[in-house]
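These notes concern the structure reproduced below.
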Amino acid sequence: MSHSQTTTTEHHPALAHQFDSLEQQKDASMLGMWAFLLTEIMMFGGLFAAYLIYRLRYYEAFVAGSTSIAVTLGAVNTLVLIGSSLTMALAVSAAQRGAQKVLRGFIVATMLLGLVFLGIKAVEYHEKYVEHHIPGGVFGKFGPTDIEKDLQEKDHKTPEAAAQIARQTEIFFCFYFAMTGLHAFHMLIGFGLMTWLLWLSRGNRFGPDYYTPVELGGLYWHFVDIVWIFLFPLLYLISRTQGAH
Amino acid sequence: MAQNGSHGHPTHGVYYAVFGALVIGTLLTWGVAFVDLGIFNPIVALAIACTKATLVILFFMHVRYSSKLTMITVAAGFFWLMLLISLSLSDYLTRTLTLGQ
Amino acid sequence: MSTAITAVQPQVMPAKHYLNDNYGIRSWLLTKDHKRIAVLYLISITFFFFIGGLFAAMIRLELLTPAGDLFQSDTYNKLFTMHGINMIFFFLIPSVPAVLGNFVLPIMVGAKDLAFPKINLMSWYLYIGGALFSLATMVSGGVDTGWTFYTPLSSGFVRTHVILMAVGILIVGFSSIFTGLNFIVTVHRMRCPGMTWGRLPLFVWSNYAASLIMVLGTPVLAITLILLALERGFHIGIFDPALGGDPVLFQHMFWFYSHPAVYIMILPGMGVISEIITCFSRKRVFGYFFVAFSSIAIAVFGFVVWAHHMFVAGVSVYSAMVFSLLSFAVAIPSAVKVFNWTATMYKGEVSFETPMLYAIGFIGLFTIGGLTGLFLAALGTDVHIHDTYFVIAHFHYVMVGGMVMAYIGGLHFWWPKMTGRTYPEGWAKLAALITFIGFNLTFFPQFILGYLGMPRRYHSYPEEFQVLNVLSSAGASVLAVGFILPLIYLLWSMRYGEVAGPNPWKATGLEWETSSPPPTHNFEMTPVVTTEPYAYGDEEGTVVP
């Protein structure tokens, strides 16, 4: 239960009228952000559940699809995002100390690393486009002929089996694009949040008694990182020992 | 500032240590993927991912230093996700089952 | 002990309150006051209630005759789809939380406002955004897939504006999420001194539990609709069997939200009933903790029963057995509530003002609806009555006989608080009676129709079912009168109703300790709570076992 200090006459400019103290406001804001992250867990979770079910059903196709995406780029991206989480955590720490320049520096660093991530993603997507792995109307027409060929030559599947598995990889690529796409969309929102934090920090308003927005931004950014921590093995590392190119 | 046990913060040393662990975890999971462990490949990959996520949650997101309510909230989120996944899978995995027949 | 509903001496409206604090359209459209936002919601959802009602009227008109002679079958499909979508997403889900909850919950916990007033306002704008998409869909021909959007019909075969509607539902879903998030944080962090969890009104417990569901379930609907839109737009094959997809997967994901959604709808209504029953029995709630925890139990259990909508869809029989068992279990906490309400009334000083009429009606009708759910939860009987009018009767008993009655009862209960005026009691009681009669006449025959085998979502039926259908349609016209009457006299009362005063019902609860209507900041001074909840029958407020 929160203790409202109705006797205090301090009125910090950041204190909203419905709250009795900065501490209550911060507690409420943190809980609110966590509740929001719960909704994100369930939204991505729905995708993960659907992915799991199809992975069980079309395992060979998922292996073939996973093998065809660039694992090195994925691993590098994972390291980039982890780095951005570190810079974000250090940004929050700077905000708490009131170190305005350090704070802004780390936020910019976080955004730069995020940009690197998206750049590498763009390279990956382009590769998929070139290889005709994008699901949808054209998938059947041009087909994942490279996957089909590999299945016949390297895994010694019959032409019919190879064709069928290659056809089924469309579902894998659905999930690849849906999951990484939704993740990238959340990163874009993250950029928006970081920009807003930079703007908020211009008046040197963050310090030991008020740095909640930075902490909330940090929570969001770390969450996006966690989603990728799971996406990487689930999409890129399904099985690199079978059907290996 | 905060007296009720919430929002303490780790030191920068802790942050760097966690970062190091996360990097090692990433390299580990990348490398192990190329070793054939059969059924254990996905298990190891998920175990490493869960460990990394836990580290981010506990230290980068300060849950280790937060109130019980925060911890329950985080746990609830993952628990609910497990409900969705496990109960849905329970349908698919038992479709071809024939008990007692 | 006096049970007079109006004070003996004439009451006076407070000089300044939330309605006259500020004038002008901007002060309403940019308000951060939870009470004004509640009024905005009230207007919006009433509009959609009547839109949904219009579709219902057309359905019942068609079903007067066995032949499908009023509308073509495609059009009929659109009627029941738009009826369902508008009623569920744009009326039922927001109704009690966004109108009554928004208004009363912060006052009940002793706060000046919700935790995040701007997010509250955004939540209303999201509702309006989604509503605009719904209107756009209606204008451009409607959707005809059923509110359940089953694939591959919705993803690959129909030519109606599925994506447009799906986007509307997605947006209004976020409205729901933000309302729930706001409630959760408010209840945890904004309670006034002395307001422990054990002193919270049960209305707060119920809305809190419903908010948990909103936050945990709605996102899964969001991703399901996104995938549906992707499938429909790009033919990617996630749910289409011809492309290797699984239509049952859509149903799993859809019902994972949509079953708990019915608990989002009913739990706040149950909270209203708890408040009304105790006030008009002048007796504290029997088994407060049981009722409080049953709300949480319903919220949790409600998440593990969804596949009872899919027993004949092709799920494994073992999975079906598990879901069937769990569906029986989820009835238990609801039953606990019904028993406790009844026990509250027992040996109480019961009086039959309008809110109480609706509440008593709720208890009876919800019980019937709930019990008939058990027939559907049993695998054997479900095979026979699935997709028949039995299902329709079941959910209308819980949703209309239960939820809508609770909402209207709550509206009457808190109307004096919200407007400062009372409504004409005679007309209100008449409307309650008409509603009750009309409701039963409409929906009881449908149980029989379903049992006899009349399928749902058909615009024509065998001749032998006509009598029951005519009864049902006749009932619907009576029910319509019952719903329109409150619209008229409640609006009338805002101008000409007797001034209510702070506590016309002599009820307990913090909301009755402030003026009617309340000031913008709710309280002149932050309240401090020292008594247990529902301290009826005991003026000193000491605990009476």
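The values are calculated or read from the model by the stated rules, or taken from the named source; none is laboratory data. Model, not experiment: these values are computed from the prediction. In this analysis, Cβ positions are derived from the backbone assuming ideal geometry, glycine residues included, and neighbour counts consider all displayed protein chains. Each accessible area value is taken on the protein alone, full model and side chains, heavy atoms only, with ligands, DNA and RNA left out. Shrake-Rupley method; radii C 1.70, N 1.55, O 1.52, S 1.80 Å.
Remarks
- Whole-number Å³ per residue for the convex hull built on Cα positions in the range A:120-245: 117 Å³
- Distances between placed amide hydrogens fall under 5 Å for residue C:146 paired with C:81, all partners being 5 or more residues away or on another chain.
- For the listed peptides C:415-428, A:113-126, A:38-51, a ranking on the average number of other beta carbons within 10 Å per residue, highest first, reads A:38-51, C:415-428, A:113-126.
- Solvent-free Debye calculation, one equal scatterer per alpha-carbon of the range B:6-93: log10 I(q)/I(0) at 0.12, 0.14, 0.16 Å⁻¹ equals -0.52, -0.68, -0.82.
- Largest-first ellipsoid semi-axes for the protein assembly as shown, taking √(5λ) over the Cα gyration tensor eigenvalues, angstrom: 46, 37, 23
- Projecting label points 7 angstrom from Cα along Cα→Cβ for residue A:129 and residue A:97 puts them 4.4 nm apart.
- Note that the range A:26-166 presents 37 Å² accessible area per residue, ligands and nucleic acids not counted, probe 1.4 Å.
- Residues of chain C: accessible area per residue with a 1.4 Å probe, Å²: 35 Å²
- Cα centroid of the range A:186-214 to Cα centroid of the range C:416-446, whole Å: 52 Å
- For the residues of B:53-65, the average number of beta carbons from a partner chain within 10 Å of their own beta carbon is 5.
- Taking every Cα-Cα distance in the range A:56-208 and sorting them into 10 Å bins from zero, the calculated P(r) comes out as 11, 31, 23, 16, 12, 6, 1 percent.
- The range B:6-93: relative contact order as a whole-number percent, Cα under 8 Å and 6+ apart: 39 percent
- Size of electric dipole in the range C:25-513: Cβ of Lys, Arg +1 and of Asp, Glu -1, about Cα centre, debye, nearest 20: 1580 debye
- Between residue C:135 and residue C:458, the contour length at 0.36 nm per residue exceeds the alpha carbon distance by 113.8 nm.
- Entry note, chain A: relative contact order of 33 percent, from Cα contacts under 8 Å with a spacing of 6+ residues.
- Distance between modelled label sites at residue B:89 and residue A:158, nm, 7 Å Cα→Cβ extension: 3.2 nm
- Computed helical MRE - 222 nm, chain A, DSSP H runs ≥ 4 contributing -39500 (n - 2.57), nearest 500: -25500 deg cm²/dmol
- Screening chain A for whole DSSP H helices of 18 Å or more along their axis (Cα) with average Kyte-Doolittle hydropathy at least 0.0 returns A:22-57, A:71-97, A:100-130, A:159-200, A:212-231.
- In the protein assembly as shown, a dipole from Cβ-located charges (positive for Lys and Arg, negative for Asp and Glu) runs towards its positive end, and of A:206, B:97, C:385 it is A:206 whose Cα lies farthest in that direction.
- For residue C:388, distant residues with modelled amide H under 5 Å away: C:456
- Of the chymotrypsin sites (Phe, Trp or Tyr not before Pro) found in the range C:17-75, those in coil by DSSP whose Cβ has at most 16 other Cβ atoms within 10 Å are C:23, C:71.
- In order along the range C:237-242, the phi-based Karplus estimate (6.51 cos²θ - 1.76 cosθ + 1.60, θ = phi - 60°) of 3J(HN,Hα) comes to x, 6, 10, 9, x, 5 Hz; Gly and Pro are listed as x.
- Size descriptors for chain C (Cα atoms only): Rg and Dmax, in that order, 22.9, 74 Å.
- Exceedance of the 31 Å cut-off in Cα-Cα distance is limited, within the set C:283/C:417; C:337/C:417; C:32/C:429; C:78/C:337, to C:32/C:429; C:78/C:337.
- When +1 charges are put on Lys and Arg Cβ atoms and -1 charges on Asp and Glu Cβ atoms, the dipole computed for the protein assembly as shown relative to its Cα centre reaches about 1260 debye.
- For the peptides C:247-254, C:480-487, B:13-20, the ranking by packing is C:247-254, C:480-487, B:13-20, with the highest mean count of neighbouring Cβ atoms within 10 Å listed first.
- Each Cα pair of the range A:80-166 feeds into the Kirkwood radius, which the Stokes-Einstein equation turns, at 20 °C and 1.002 mPa s, into a diffusion coefficient of 132 µm²/s.
- In the elastic network of chain A, a GNM with C-alpha springs shorter than 10 Å, the most mobile of A:215, A:153, A:60 is A:153.
- Karplus-derived HN-Hα couplings along the range B:44-50 (A = 6.51, B = -1.76, C = 1.60, θ = phi - 60°), whole Hz, x at Gly and Pro: 5, 4, 5, 4, 5, 4, 4
- For the range C:304-454, the fraction of C-alpha pairs farther apart than 23 angstrom is 47 percent.
- Subset of A:26/B:68; C:35/C:118; B:68/C:118; C:16/C:112; C:35/C:506 violating a 20 Å alpha-carbon distance limit: B:68/C:118; C:35/C:506
- Inter-chain neighbour count for C:522-532: the average number of beta-carbon atoms from partner chains within 10 Å of each residue's beta-carbon is 1.
- By the helix-only formula, in which each DSSP H run with n ≥ 4 contributes -39500 (n - 2.57) and the sum is divided by residues, chain C has a 222 nm mean residue ellipticity of -21000 deg cm²/dmol.
- Phi to ³J(HN,Hα) by Karplus 6.51 cos²θ - 1.76 cosθ + 1.60 over the range C:209-226, Hz, x for Gly, Pro: 4, 4, 5, 4, 5, 4, 6, 8, x, 4, x, 5, 4, 4, 5, 5, 5, 4
- For the range C:441-538, convex hull of alpha carbons as volume per residue, Å³: 223 Å³
- For residue A:149, a cut-off of 28 angstrom between C-alpha atoms picks up these lysines, skipping any fewer than 8 places away in its own chain: A:121, A:128, A:141, A:157.
- Between residue C:430 and residue C:339, the simple label model (points 7 Å from Cα in the Cβ direction) yields a spacing of 4.1 nm.
- Segments C:224-237, C:496-509 sorted - mean Cβ within 10 Å per residue, highest first: C:224-237, C:496-509
- With Cα atoms, 0 to 90° folded angle of helix B:12-32 axis to chain B main axis: 20 degrees
- Sites residue B:54 and residue A:198, calculated FRET efficiency, Cβ-Cβ separation with R0 35 Å, nearest 0.05: 0.70
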